[in-house]
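First comes the structure, then the notes that go with it.
The values are calculated or read from the model by the stated rules, or taken from the named source; none is laboratory data. Computed from a predicted model, the values in this text were never measured in an experiment. Because the Cβ atoms are built from the backbone with ideal geometry, glycine has one as well, and the counts that use them run over all protein chains shown. Accessible surface is based on the protein model in full, side chains and every heavy atom, while ligands, DNA and RNA are left aside. Shrake-Rupley method; radii C 1.70, N 1.55, O 1.52, S 1.80 Å.
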Amino acid sequence: MPNQRYEEAKKAYAKIGVDTDAALEKLANVKISIHCWQGDDVNGFEDFGGASDGIATTGNYPGKARTPEELMADIDKALSLIPGKNKINLHAIYAITNGEKVDRSELKPEHFAKWVEFAKERGLGLDFNPTLFSSPMVKNGLTLSSPDPVVRNYWIKHCKACRTIAEYFGKELGQPCLCNIWIPDGMKDIPGDRLGPRMRLKESLDEIFSQKVDERYVIDTIESKVFAIGVESYTVGSSEFYMNYAAKNNKLCLLDTGHYHPTEVVSDKISSMLVFADKVALHVSRPVRWDSDHVVILDDELKEIAKEIVRNDALDRVLIALDFFDASINRVAAWVIGTRNMQKALLYAMLMPNKAMKEMQDNADFTQLLVMNEEMKTFPFGDVWDAYCEKSGVPQGDWFQSIKQYETDVLSKRN
Ligand code: RNT
Ligand code: ZN
C-alpha cells in the first residue's frame, strides 16, 4: 500500500526538482562506521580500569557491556533500530583473547576472529584503531613521540600489528578496513621543545607505514587534535602536522569534529581536503564547549557536513565514522540516536535542490539562496525519513519503547 504521507512529500519535493525515490536509494548505499566504544565507555576487554591517558568519559548510567557477548548483544539491539548496512568500528582493546593476557604489541588477527564472524553473519564491514591510550606504556603523556625509544618502539609494534589486523578484516570481509591512528601525545604546560616530539612522531609513522599492507584492504588515516584535559598547551599530532604528513606520504587525514577550536567547523574543511586528497575521513562527534564527545544530534553543523558530502558528490570520498561516548544515558539509545541523526542529515542534504542552489550562488542571487536554505527547513522531510525507515524494516520515530524493554530485560540485570 503506497504511503500517503510519502506520496505527498514526494510531490512537494518534485516541485523543486528533487527526486525523493532516488534519494532513498542513494541513502541505502551509504555506510556509517558505528564505533563499538559507545557501548562500554571506551573500556575494552583488557583490565586497565577504564579510559585514561588522554581519553575521559563521564557518567555512570547502569548496564554497560562488560564482555564481548554483552557488547555484541547491545550492538545487535542498536542495529535493529538503525537503517542500512553499516560498518562496526573496533579498537585494539576489544580483542577477544578468551582469558589469555595478550599484550597490545602482540595482537594478531586470531584475536579478532570472533568479530569477523560477527560482521560476516550480519553483512557488515569492519574498521579498526590501534589503542594508544589507557596503558602504562603511555609515559609522561607520550607514545609515538616519546623521547624513550623503548616506548616509541612498543607503540610502533602495536600499530604495525593493528595494520595487519586491519588487512585481515579487509580480506575476510571483501571491503577495505579503515585503520586510524590517533595518539594522545602532548603537554599540559608550555613546552621546552615543540619540534623534537614532532620529528619523532614523523619517524615513528614512517616506520609504521614502511610495513607494506595490501592497499585494496587497508585505508590508513591519521587523526589530529587540538587539546585535551591535561594536554592544554601542546598537542604533537596537530592539524598542520598530519595534513602535511598525509599529503607527502599519500595517507588520509581523519577530521574529528571535536578536535578544532570552538568556532572552527569541519563542514568548512571538507571541500578544502577534497581539492587535494582522493578521500577524507571523519569522526562525527558533538563537542559541547570542548571535545566532550556528546551524542550527535541533528544540528546545523551536522547538516552542513552532510551537505558538503552530498552536493560535492563525495559519498564515496568522505568516509563517515562516529565518535562519541556518553556514559550518562542509555548507551544503546546513544548509538541509535547518533547514527540515525547522521543518516537523517545525509537525507536532508539529498533532498535539497543542490544544483539549483549552486547556480543561485554563481549568479550572485544570494537572496534566493537564503530563501531556499530556509524554506527547506519546513519541507516534509520527516515523511521521507519515515518512509526510509519503513523501507529499511526499522521503526520510525517510535523506537524508544523497545530500548526501554531491552533495559528491563537485559541491561538492568547486569549489575
Ligand atoms: C580522541 C579521538 C579518538 C578516540 C577514539 C576512541 O580524542 O577522538 O578518535 O575518541 O579513538
Ligand atoms: Zn576521534
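Structure notes:
- Residues located in the stretch 263-302, provided they are closer than 20 Å to Ile181 by Cα, away from ligand 1 (no atom under 16 Å from the Cβ) and open to solvent by 10 Å² or more (accessible area, probe 1.4 Å): Met273, Ala277, Asp278, Lys279
- All positions within the stretch 188-208 that are open to solvent by 20 Å² or more (accessible area, probe 1.4 Å) and either closer than 16 Å to Cys177 by Cβ or hydrophobic (A, V, I, L, M, F, W, C) (or both): Ile190, Leu195, Met199
- If you filter the stretch 226-237 down to residues that are within 19 Å of the chain's Cα centre (by Cα) and open to solvent by less than 20 Å² (accessible area, probe 1.4 Å), you find that the one that is farthest from Ile165 (Cα to Cα) is Ala228.
- Sole residue being in contact with an Asp or Glu (Cβ under 8 Å, 6 or more places away or on another chain) and farther than 29 Å from Val30 by Cα, chosen from Leu90, Leu142, Leu107: Leu142
- Filtered residues of the stretch 176-187 (kept if under 20 Å from the mean Cα position of the chain (by Cα) and either within 16 Å of ligand 1 (Cβ to nearest atom) or surrounded by fewer than 16 Cβ atoms within 10 Å (Cβ to Cβ) (or both)): Cys177, Leu178, Cys179, Asn180, Ile181, Trp182, Ile183, Pro184
- Of all residues in the stretch 6-24 being of a type in the set (D, E, K, R) and surrounded by 14 or more Cβ atoms within 10 Å (Cβ to Cβ), the one that is farthest from Leu369 (Cα to Cα): Lys10
- Pairing residues of the stretch 384-396 that are assigned to a helix (DSSP H, G or I) with residues that are of a type in the set (Val, Ile, Thr), at Cβ distances under 6 Å and at least 6 apart in sequence or on separate chains, gives Val384/Thr20.
- Test for Leu370: is it more than 30 Å from Gln38 (Cα to Cα), away from ligand 1 (no atom under 16 Å from the Cβ) and open to solvent by 10 Å² or more (accessible area, probe 1.4 Å): yes
- Filtered residue count, the stretch 244-262, keeping only those that are open to solvent by 70 Å² or more (accessible area, probe 1.4 Å) and away from ligand 1 (no atom under 16 Å from the Cβ): 4
- In the stretch 304-315, the residues that are in contact (Cβ under 8 Å) with a residue 24 or more places away in the chain and open to solvent by 40 Å² or more (accessible area, probe 1.4 Å): Glu304, Arg311, Asn312, Leu315
- Set Arg216, Arg200: member being farther than 23 Å from Leu90 by Cα and either away from ligand 2 (no atom under 16 Å from the Cβ) or at pLDDT below 95 (or both): Arg200
- Odd one out for Arg331, checked against (1) within 16 Å of ligand 2 (Cβ to nearest atom); (2) crowded, with 23+ Cβ neighbours inside 10 Å: (1)
- Long-range neighbours under 9 Å by Cβ, at least six apart or interchain, first residue of a type in the set (A, V, I, L, M, F, W, C) within the stretch 187-204, second open to solvent by 60 Å² or more (accessible area, probe 1.4 Å) and in a helix (DSSP H, G or I): none
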